[in-house]
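Quick notes on the structure that follows.
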Amino acid sequence: MRLSVVGTGHVGLVAGACLAEMGNQVVCADNDELKIAGLRRGIPPFFEPGLEELVRKHLAQNSLTFTTSVPEAMHESQVVFIAVDTPSRPDGSADLSSLLNVSHQIARNPNGYRVVVQKSTVPVGTGQRVQEILREGSNGTGEFDVVSMPEFLREGMAVQDFLHPDRIVIGVESPRAQRLMEGLLKPFNAPLVVADIATAELIKYASNAFLGLKISYINAIASICEQVGADVTKVAEGMGHDPRIGHRFLSAGVGFGGACIQKDLSGFIRMSEDLGYDFQLLRQVLEINHGQPVRLVEKAKRALGGLEGRNIGVLGLAFKPNTDDMRSAPSIDVINLLLEGGARVSAYDPQAMPTARSLFGSAIGLCPTPYQAAEGADALLLVTEWEEFCHLDLKRLQGLMSRPLLVDGRNLFEPRDMAEAGWEYYGTGR
Ligand SMILES: NC(=O)c1ccc[n+]([C@@H]2O[C@H](COP(=O)([O-])OP(=O)(O)OC[C@H]3O[C@@H](n4cnc5c(N)ncnc54)[C@H](O)[C@@H]3O)[C@@H](O)[C@H]2O)c1
């Protein structure tokens, strides 16, 4: 099928490349000329395992092409996906300006029947607004159906998640669009949840809020563990065996970050408020999460008797492993708190160093190896659970530091092993 995708970010580019991999002819559009210039040469604007290979393969086969023009992208497409960013406004609500802008552009280019698939995460009612824009903007000359198809991929696993989704949700209110989408999605061989558009939109907000809730819940339990001398990793293990609870998203730590969960929680709280419902439960989820980086830095501060003039190494900057994305990463709060306290910061991340450079400039030292971040450090703070940190030479690390103090924001190490190896070790909730 001929498809177009507007927005070549973490969702749109993965969607475009994977839809090409599924045998479709895909044109991707973005208004960022630099991104498109790079993509035409096969260079994705961010790191995502397996993505570059897929982009290069389909560029070479001409099944994936790139343009800065939305009308050009949708020229012969039956289905137009929209995957632009919907960031938080200062009041927490979702900023839909990019999405509405793209909808107007689509409306101005009617050409027979088209299905417009909305993949960005949005408050309930947005699909309806897009449908109205398409109807009014095309002056009755175009025939459009809107489908809501929220995306559930995880950065760092995005290609795998897109090609093998645990479910696909579509909100669709026209039998013709439903038939077309079912045909397009059949090869994915995933459970298909078909609902009306409002329900599909709500499934996404409800899912992300629930993931945030699970993490803040276990972080609250971690705080209790620290008071009573219990081990949160064992508590989570014991809870997780109950199939009604499950093991995933029950890791205590420095909290969730990234472009989605916080933003979507804020958007959901704001949307509920507009409907007259005060979603206090979700406010608490955000509040607990905001407190986690503060708790981590406090541990270091207490152990060191203050931060002024201390050298602190930070391991991990990306909001999670296998990505270079630092949007709302806990490391940002951690580093800002350290700098505010008067500490000098040296940091290392396997992928996010260029992103960190653009965020912090020369305010922190950016080191090419974790060992260099540890040189002369009074403490190390582990913020992102990269696999490579599990294989660190802890003896070498210890030898480089002024004081062998590790505050582990991801419970990557065993407290007893660390104590035996001579470390002053603080985990989270244990
Ligand atoms: N990143 C994730 O893991 C993830 C997962 C699920 C859902 N989502 C949702 O998907 C949406 C996109 O997220 P993302 O992380 O891909 O964002 P992103 O910022 O990585 O990408 C958005 C892209 O849209 C482009 N864009 C913006 N306005 C445009 C316009 N008018 N015309 C053409 N291109 C335009 C931007 O240049 C950018 O390349 C958001 O609503 C997000 O909440 C994200």
- Task: For the stretch 192-296, state which trypsin sites (Lys or Arg not before Pro) are in a DSSP loop and have at most 10 other beta carbons lying within 10 Å of their beta carbon.
- Result: Arg244, Arg248
- Task: Grab the Cα-Cα distance for Leu394 and Arg89, subtract it from 0.36 nm times how many residues apart they are, and report the gain in nm with one decimal.
- Result: 105.5 nm
- Most fluctuating residue given options Met271, Met418, Met181, as computed from a GNM of the chain linking Cα atoms under 10 Å: Met418
- Return a whole-number percent for the relative contact order of the stretch 230-426, with Cα pairs under 8 Å and 6 or more residues apart as the contact set. 20 percent
- Listed with the fewest Cβ neighbours within 10 Å leading, Glu226, Glu182 appear as Glu182, Glu226
- Note on the structure: Mean separation of Cα contacts under 8 Å (at least 6 apart) over the residue count of the stretch 2-195, i.e. the relative contact order in percent, is 19 percent
- Message: What distance in nm lies between label points placed 7 Å from Cα along the C-beta direction at Ser362 and His241?
- Response: 5.7 nm
- Between Gln280, Gln372, Gln398, which gets the highest mean-square fluctuation from a Gaussian network model of the chain, Cα cutoff 10 Å? Gln280
- Hey, what angle do you get for helix 97-107 against the long axis of the chain, alpha-carbon based, 0 to 90 degrees rounded to 10? 20 degrees
- Item | Degrees, to the nearest 10: 51-60 long Cα axis against longest axis of the chain | 30 degrees
- Note on the structure: With DSSP loop assignment and no more than 11 other C-beta atoms within 10 Å, the GluC sites (Glu not before Pro) in the stretch 262-363 are Glu308
- Message: Could you work out the relative contact order of the chain? I mean the mean sequence separation of Cα pairs under 8 Å and 6+ apart, divided by the number of residues, in percent.
- Response: 12 percent
- Query: When the Cα atoms of the stretch 1-112 are enclosed in a convex hull and the volume is divided per residue, what value in Å³ results?
  - Reply: 102 Å³
- Å³ per residue of the Cα convex hull, for the stretch 230-426? 138 Å³
- Query: Roughly what angle does helix 175-185 make with the longest principal axis of the chain, taking Cα atoms, 0 to 90 degrees, to the nearest 10?
  - Reply: 50 degrees
- Evaluated at 25 °C and 0.890 mPa s, the Stokes-Einstein D of the chain based on the Kirkwood radius over Cα pairs, in µm²/s, stands at 106 µm²/s
- Task: Quick one: among Gly313, Gly38, Gly229, which has the greatest mean-square fluctuation in a GNM of the chain with alpha-carbon springs under 10 angstrom?
- Result: Gly229
- Query: Of the GluC sites (Glu not before Pro) in the stretch 1-78, which ones lie in a loop per DSSP and count no more than 13 other C-beta atoms within 10 Å?
  - Reply: Glu76
- Alpha-carbon gyration tensor eigenvalues x 5, square-rooted, for the stretch 305-401, Å: 18, 18, 11
- Message: As a test of the definition: which semi-axes, in Å, follow for the stretch 1-50 when you take the square root of five times each eigenvalue of its alpha carbon gyration tensor? Largest first, please.
- Response: 17, 13, 9
- Item | Rounded if a/c under 1.5, otherwise prolate or oblate - the stretch 147-248, Cα gyration tensor axes | prolate
- Message: Just want the ordering: Glu143, Glu237, Glu151, from fewest to most Cβ atoms lying within 10 Å of their own Cβ.
- Response: Glu237, Glu143, Glu151
- Message: Which three numbers, in whole Å and largest first, are the semi-axes of the equivalent ellipsoid of the stretch 203-269 derived from its Cα gyration tensor as √(5λ)?
- Response: 23, 14, 8
- Query: For the chain, what is the calculated [θ] at 222 nm in deg cm²/dmol (nearest 500), taking -39500 (n - 2.57) for each run of four or more DSSP H residues and dividing by its residue count?
  - Reply: -13500 deg cm²/dmol
- Convex hull volume of the Cα atoms in the stretch 2-195, per residue, in Å³? 113 Å³
- Can you pull the percent of Cα pairs in the stretch 50-107 with separation above 20 Å? 45 percent
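No lab work stands behind these numbers, since they all come straight from the coordinates. Computed from a predicted model, the values in this text were never measured in an experiment. Cβ: placed from backbone, ideal geometry, glycine included. Neighbour counts: every protein chain shown.
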